[in-house]
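Undergrad: Quick one: structure below, then a few questions.
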Ligand SMILES: CC(C)(COP(=O)(O)OP(=O)(O)OC[C@H]1O[C@@H](n2cnc3c(N)ncnc32)[C@H](O)[C@@H]1OP(=O)(O)O)[C@@H](O)C(=O)NCCC(=O)NCCS
């Protein structure tokens with residue numbers, strides 16, 4: 001698949017274990033490397049495709065993803081393989097009522113890239129980005145009770161960041177309808193600032209941090 005045109009220069013997201021801007025991680029076979037970056041509107045088309053193909057996520061309109069990439073690029077990331085194929089994304093936003101809380105809306109990894117830790121790296125990258133740009137110190141997400149991989153993904157994130165994760169009921173069938181699983185709210189944090197975030201800030205300021213930034 002051809003990579004979409006980029007409407008504007010990309011900002012690179014930082015990612016633990018991939019400290020330099022645009023640095024790559026590899027898939028389970030080691031055949032491909034991935035670049036994790038902030039999205040531009042054209043990336044919304046690939047996000048929409050990945051959401052539809054996942055058959056798990058609530059796929060919103062193509063327009064919604066394109067608009068999202070325009071307005072929430074600082075709290076979202078997309079992963080591209082070295083051959084240009086988009087293989088994963090995270091969409092998030094800072095809660096209007098609590099600007100230090102990053103709400104992760106969707107995490108999606110193409111089946112060809114699953115099982116290699118890519119979702120965890122996407123989550124770490126979007127987190128570092130939200131901390132560097134907005135000083136976030138808490139994360140929230142909603143997960144359906146049947147989504148074991150997603151629950152493990154966020155539980156691992158909390159463990160990596162040495163903080164707690166708590167679950168509570170959020171939305172049930174009264175709001176979502178009988179055809180939709182209930183959504184549980186997971187609260188993670190407070191989360192201390194990490195070396196990876198400090199590196200991201202240093203890069204933004206044009207300062208080289210010689211201490212490295214691995215978590
Ligand atoms: C959930 C999803 C994003 C995980 O992507 P991934 O790149 O394979 O995940 P990772 O390799 O980073 O693994 C993250 C954690 O989930 C676990 N995991 C991954 N797939 C799993 C599965 N099928 N069953 C149980 N656990 C699983 C991993 O073991 C890991 O946990 P650990 O750190 O305790 O070992 C991917 O399966 C997906 O896109 N699913 C469809 C969309 C979706 O449900 N998104 C989440 C809700 S928004």
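The numbers here are math on the coordinates, done by the rules we state, and not lab data. Remember, predicted model here, so these are calculated numbers, not experimental data.
Undergrad: Between Rg and the Kirkwood Rh of the stretch 49-168, both from Cα atoms, what is the Rg to Rh ratio?
TA: Working: Rg = 13.9 Å, Rh = 14.8 Å.
Rounded to two decimals, Rg over Rh is 0.94.
Undergrad: Let me ask something additional. May I ask you to compute the full-extension gain from residue 63 to residue 112, defined as 0.36 nm times their residue separation minus their alpha-carbon distance, rounded to one decimal in nm? It would help to have the intermediate numbers written out before the result.
TA: Numbers: separation 49, 0.36 × 49 = 17.64 nm, distance 2.53 nm.
Length difference between fully extended and current span is 15.1 nm.
Undergrad: Kindly provide the pair-distance distribution of the stretch 121-174 built from C-alpha pairs, with 10 Å bins from 0 and whole-percent values in order of increasing distance.
TA: Each 10 Å bin holds this share of Cα pairs: 20, 51, 25, 5.
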